[in-house]
Structures are given as C-alpha cells and as structure tokens.
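Q: Quick one: the structure is below, and I'll ask about it shortly.
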Amino acid sequence: MELKRKIALITGATSGIGASFAEKLASQNYDLIITGRRKDKITNFACELTTKYNVNVEVLLIELTKKEDLDLLLQKVDATKNLEILINNAGYGTRCKFVEEKPEIYEEMFILHDYAAIKLMQIALKNMLNNNNGKIINVSSVGAFLIMPTKSAYNPAKAYLISLSEIIAEEIKDSNVCIQVLCPGMTRSDVWARVGEDINDVAARLKWPHKLMPAEFVVDKSLSSLGKNKVICIPGFNNKFLALFAILKKCFSMLFG
Ligand SMILES: NC(=O)c1ccc[n+]([C@@H]2O[C@H](COP(=O)([O-])OP(=O)(O)OC[C@H]3O[C@@H](n4cnc5c(N)ncnc54)[C@H](OP(=O)(O)O)[C@@H]3O)[C@@H](O)[C@H]2O)c1
C-alpha cells in the first residue's frame, strides 16, 4: 500500500521567508503547493526543489488581492484534504503618513494579510480538524507590537493576525491541530529591493536592537517551536526585546498614566 505523502502549502514562496519555508519543508520530504506572482522566478525555484529533494512542487500564480485568484487557491485547498501545513506568508509593507495614504491601500493590506488568511484557514482547518492533524503558520511581524509612524496600513493588518491566531488556538486546543503566528523582525528578503533599497545599506544603517536576520534563521525558529503550546513566535532576542519593551511601555502607561 502506498503511503500518503505529506503536503504543505505556502503563499508567497518566490523569495525570502516563504522560499526558505519551501526549501526547509522540501528537505523534510514534504510535497509542496507554492504561490507567487513572479512566474519565471518561482517556476525555476520549484524545478530546483524538485531536482534537489525529489519532491512534487506545484506552482500556482496567484495575486491574493484578486477575487478570481483567491477563489482558485481556495478550491485547491478544499481539494487537498490531507494538507498538513498551511503557511500564510505572502505580503509586503507600505510606508506613508496616515493622512497622505490612499484609502484603498488599507483595503489591500487587509485583503492580502488578513482576509486571504481567514478564507484559507477556514477551509484548511475543517479538513485538518477532520483528520485531527495539521499545522498553520500565519506570518505577522514584530512591527505588530510597535507604534511606528508611517506604518498605519501594515502594522495593524499584521496585529490582526496575532489576535485572530490566538483566538483560533484557544478554540482548537483540544485537537491535534496547532497554529502559530510568526513575528519576524527585519529579515533578508526581496522586500527591500522592491522598495528600491540595497539590502547591505539597510543592514549598515540599523542600530541596536534592530538587526537584519537571515530568512533561514526565522524559518528554523518557527518550525522548531511549532506545536509546543506556544502561539506567538518571535525569532531572535533583539526582536523579543523590542516587542516586550513596547508591551511594558503600554502597561506602564495604563497603570500610571
Ligand atoms: N522581510 C522582513 O523584514 C519582514 C519582517 C516582518 C514580516 N515580514 C513578512 O514576511 C512575509 C514574507 O515577506 P518577505 O520579507 O520574505 O518578502 P519577499 O521576499 O518580498 O516575499 C514576499 C512574497 O509574497 C508574495 N506577495 C506579495 N504581495 C502579494 C500579493 N498581493 N499577492 C500574492 N502574493 C504576494 C510575493 O510574490 P512575488 O514575489 O512572486 O510577487 C513573494 O512571494 C510577508 O508577509 C512580510 O510582511 C517580513
């Protein structure tokens, strides 16, 4: 009898954190369904993974803010009854003052980071709970804890994912399905080139406690703490410090303000 292969679906696996998840899970013998928009880059990457790890990699070209594309992906998730891992990773940040930002950017940030994740999770979770087996990772950001001017569209969208993941974790705690919300700090990825920044210049400008981390480090921390009754994963001491400092500052102001 042929054993069922393990399957993981990763959104936004063309580069950076998503590509790193794909590589790590392929090395652990998972078949992959990966999504992205840069056709040549993601197709070449999928071929490399297939050759290197002898796994099946299916590429779906998906713009998550387009209803038809999202519907296509939802159908795929619904049909993949034995999906073991779902990683809602696709995303990017924006930087603009609130009064100057276009209102549609808020809608786009919510659809990309939150609404797409909600829809994908609702379908995947039903199957995972039926199988009593599965893992979900929602990629948020350490920025979700911080008060950062010019980040009024991105940070709240990422903060929503933390609250949502914590509530789902509570609802599924008696099952063998787990959920993690991953909150990376600044990470080496294509996100910097997209906004015209040289990654080495970015790294050189950073002051403690900010530090640019390799995507592989973020992914290793995420996968090694997955399922350990720990919903929030913040990779790296520097990032933990940033989040904790922001929380303590708020508590202090609530108690004594
Ligand atoms: N890098 C950081 O410092 C950092 C820090 C905290 C959190 N994060 C989060 O980590 C996640 C991964 O980002 P990354 O840094 O690894 O960036 P990246 O290398 O630019 O990868 C982003 C991925 O998301 C996909 N994507 C972006 N917008 C999309 C859309 N509208 N529809 C469909 N796919 C879309 C991209 O597809 P294509 O490239 O094919 O267009 C790409 O595959 C994001 O959610 C980001 O917010 C990043």
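Laboratory data are not the source of any read-out in this text; all were calculated from the coordinates shown. No experiment lies behind these values; they were computed from the predicted model shown. FYI the Cβ positions are ideal-geometry reconstructions off the backbone, even for glycines, and counts take in every protein chain you see.
Q: Could you compute the FRET efficiency for Asn132 and Asp78, with r as their C-beta to C-beta distance and R0 at 30 Å, rounded to 0.05?
A: Details: r = 18 Å, r/R0 = 0.61.
With R0 = 30 Å, the Cβ-Cβ based efficiency is 0.95.
Q: Gln122 versus Lys102, label points 7 Å from Cα toward the beta carbon: distance in nm?
A: 2.8
Q: Between 0 and 90 degrees, rounded to the nearest ten: what's the tilt of helix 215-225 against the longest Cα principal axis of the chain?
A: Helix 215-225 sits at roughly 70 degrees to that axis.
Q: Starting from a Cα-only point model with no solvent, please compute log10 I(q)/I(0) by Debye for the range 7-256 at q = 0.07, 0.10, 0.12, 0.14 1/Å.
A: Debye output, listed in q order: -0.23, -0.47, -0.69, -0.96.
Q: Out of all Cα-Cα pairs in the range 1-134, roughly what percent, to the nearest whole number, are more than 25 Å apart? The partial results should precede the final answer.
A: Values: 2509 of 8911 pairs.
That tail contains 28 percent of the Cα-Cα pairs.
Q: Sticking with this one: Out of residues 5 or more away from Gln180 or on other chains, whose amide H comes under 5 Å of its own, with H placed 1.01 Å from N in the peptide plane?
A: Ile136, Ile137, Asn138
Q: Something else about it: In whole percent, what relative contact order does the range 7-256 give with Cα contacts below 8 Å and a gap of six or more residues? All intermediate terms of the calculation are to be shown ahead of the outcome.
A: Details: 419 pairs, mean separation 45.6, N = 250.
Dividing the mean separation by the residue count of the range 7-256 yields 18 percent.
Q: May I ask for the angle, rounded to the nearest 10°, between helix 67-79 and the longest principal axis of the chain, with both axes built from Cα atoms and the value confined to 0 to 90°?
A: That helix lies at roughly 50 degrees to the long axis.
Q: FRET efficiency for Lys67 and Thr43, Cβ-Cβ distance as r, R0 = 25 Å, nearest 0.05? Present the calculation step by step, with values, prior to reporting the outcome.
A: On the way: r = 24 Å, r/R0 = 0.96.
In this case the efficiency is close to 0.55.
Q: Calculate, for Arg95 and Asn200, the FRET efficiency according to 1/(1 + (r/R0)^6) with r their C-beta to C-beta distance and R0 35 Å; round to the nearest 0.05. Spell out each step's value before the answer.
A: Details: r = 20 Å, r/R0 = 0.56.
For Arg95 and Asn200, the calculated efficiency is 0.95.
Q: What does the helix-only formula give at 222 nm for the chain: each DSSP H stretch with n ≥ 4 adding -39500 (n - 2.57), the total divided by the residues, and the result rounded to the nearest 500 deg cm²/dmol?
A: Helix contribution divided over all residues of the chain: -15000 deg cm²/dmol.
Q: Straight distance only, please: which aspartates and glutamates reach the Cα of Lys76 with their own Cα at less than 17 Å, same-chain residues fewer than 8 apart left out?
A: Asp31, Glu58, Glu63, Glu68, Glu84
Q: I would also like to ask the following. What is the extension gain from Arg5 to Leu244, computed as 0.36 nm multiplied by their sequence separation minus the C-alpha to C-alpha distance, in nm to one decimal? Intermediate values should be presented prior to the final figure.
A: Working: separation 239, 0.36 × 239 = 86.04 nm, distance 3.99 nm.
Gain in length upon complete extension: 82.1 nm.
Q: Let me ask another. At what distance in nm do the modelled label points of Ile147 and Asp190 sit from each other, each positioned 7 Å from its Cα along Cα→Cβ?
A: For the pair Ile147/Asp190, the computed spacing is 3.6 nm.
Q: Using only Cα positions of the range 112-248, each an equal point scatterer, no hydration layer, compute I(q)/I(0) via Debye at q = 0.15, 0.17 Å⁻¹ and quote the log10 values to two decimals.
A: Once normalised to I(0) and log-transformed, intensities are -0.78, -0.97.
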